[in-house]
Amino acid sequence: MNQEKKGSLLLGLAAMLAVVIIVALVGVFALHEEEVLITGEAEATEYRISGKVPGRIEMFLAEEGDQVKKGDTLVVIYSPEVEAKMAQAQAARAMAEAVNVKAQNGARHEQIVGAYELWQKALAGEEIYRKSYERTQHLYERGVVSAQKRDEVEAQYKAAVATTKAAHSQYQMAVSGARKEDKAAAEAQVAQVDGVIQEVELARSERYLTSPIDGEVAERFPKTGELVGQGSPVMSVVDLNDAWFTFAVREDMLQDIKVGTTLQVRIPALGDNLYPVEVTYIKAMGTYATWRSTKQNGQYDVRTFDVKARPLSPIADLRPGMTAIVVREKTSSHPTIVIQK
């Protein structure tokens with residue numbers, strides 16, 4: 001009986017010890033800190049290709065995924081409005097040039113000859129009236145004619161002199177052509193129309209959309225034949241040589257992440273290799289990125305920060321959207337939480 005009591009006591013002690021061990025293990029696992037993992041994704045500079053001229057997509061000269069060079073023509077836009085404006089500008093140019101030529105050349109040869117003949121005719125009439133006036137003056141001095149008669153002849157002579165001057169002015173005007181002011185105005189009109197033609201030529205060149213960089217065609221938005229407005233994006237080209245990584249990091253995990261810090265990242269799509277990257281930008285994200293509500297469990301608000309890091313050297317085959325994992329040493333002072341972008 002004593003042996004049975006002793007066995008029961010040992011069994012109870014063993015059970016109690018087992019319970020203590022289980023509780024201890026549960027506590028250890030409950031308090032165990034997770035491995036530090038910060039994940040983000042790769043991004044690259046993307047350029048939207050758009051035009052200044054509205055029209056329809058006439059043709060695409062590059063497909064999605066094509067490698068293009070800076071200056072390559074990617075899209076051709078058909079714009080009948082631009083062609084109509086060019087026709088109007090060319091017609092205005094022809095009219096302005098005709099006016100300018102007329103102003104510079106002056107009157108026609110026939111007009112000059114006619115003005116000269118009228119001047120000579122006025123000179124002949126003036127000579128006749130001069131002689132008549134001189135004779136009448138001599139006769140008046142001798143008392144042969146009256147003062148009334150002398151005044152009438154003098155008036156006729158003065159009128160003939162005025163007619164001669166007017167005819168001579170008309171002749172000089174025909175020879176000289178238009179005034180300097182008229183010539184300058186005609187030249188300015190031609191220059192103005194040339195400016196309009198140049199503007200239309202620039203608009204015509206905008207029908208051909210070119211790549212601003214060496215890169216890869218990432219996306220085409222409209223289809224051939226669709227209407228696009230001024231400034232509407234038609235295509236995007238991505239510069240794979242200008243890539244970086246973005247991470248959303250909770251602020252209580254930023255102790256050893258500063259601008260200029262070098263981190264090691266692993267890109268699962270490219271294998272297990274580690275790539276050094278340098279932190280270049282840290283900024284708080286919007287209030288929507290707050291992780292914890294105010295004073296929950298006696299804690300403070302913890303916000304999320306946008307962290308950008310650039311590779312220290314080009315990474316082959318890196319594509320925008322690839323996941324990147326920051327590889328950090330395990331330390332008791334820096335617990336890690338997986339942060340999904």
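The values are calculated or read from the model by the stated rules, or taken from the named source; none is laboratory data. Treat the numbers as computed from the prediction; the structure is a model and nothing was measured. Heads up, the Cβs are rebuilt from the backbone with ideal geometry, glycines too, and the neighbour counts pull from every protein chain shown. All accessible areas refer to the heavy atoms of the entire protein, side chains included, with ligands and DNA or RNA removed. Shrake-Rupley method; radii C 1.70, N 1.55, O 1.52, S 1.80 Å.
Structural remarks
- Residue match in region 234-242 (condition: of a type in the set (G, A, S), under 35 Å from the mean Cα position of the chain (by Cα) and either modelled with pLDDT under 90 or more than 22 Å from D306 (Cα to Cα) (or both)): yes
- Filtered residue count, region 207-266, keeping only those that are within 22 Å of T39 (Cβ to Cβ), open to solvent by 60 Å² or more (accessible area, probe 1.4 Å) and in contact with a Phe, Trp or Tyr (Cβ under 8 Å, 6 or more places away or on another chain): 4
- Scanning region 204-228 for residues that are among the hydrophobic types (A, V, I, L, M, F, W, C) and within 21 Å of V82 (Cα to Cα) turns up L209, L227, V228.
For every residue, the table says whether it meets (1) assigned to a helix (DSSP H, G or I); (2) loosely packed, with under 14 Cβ neighbours inside 10 Å; (3) modelled with pLDDT of 75 or more.
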| residue | (1), (2), (3) |
| --- | --- |
| K85 | yes, no, no |
| A94 | yes, yes, no |
| G114 | yes, no, no |
| E126 | yes, no, yes |
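- Residue, modelled with the lowest pLDDT, within region 141-182, restricted to residues that are within 30 Å of E97 (Cβ to Cβ) and either polar (S, T, N, Q) or open to solvent by less than 50 Å² (accessible area, probe 1.4 Å) (or both): A178
- Residues of region 63-95 that are of a type outside the set (V, I, T) and under 30 Å from I267 (Cα atoms): E63, E64, G65, D66, Q67, K69, K70.
- Filter result (part of a helix (DSSP H, G or I) and at pLDDT 90 or above) within region 258-309: P268, A269, L270
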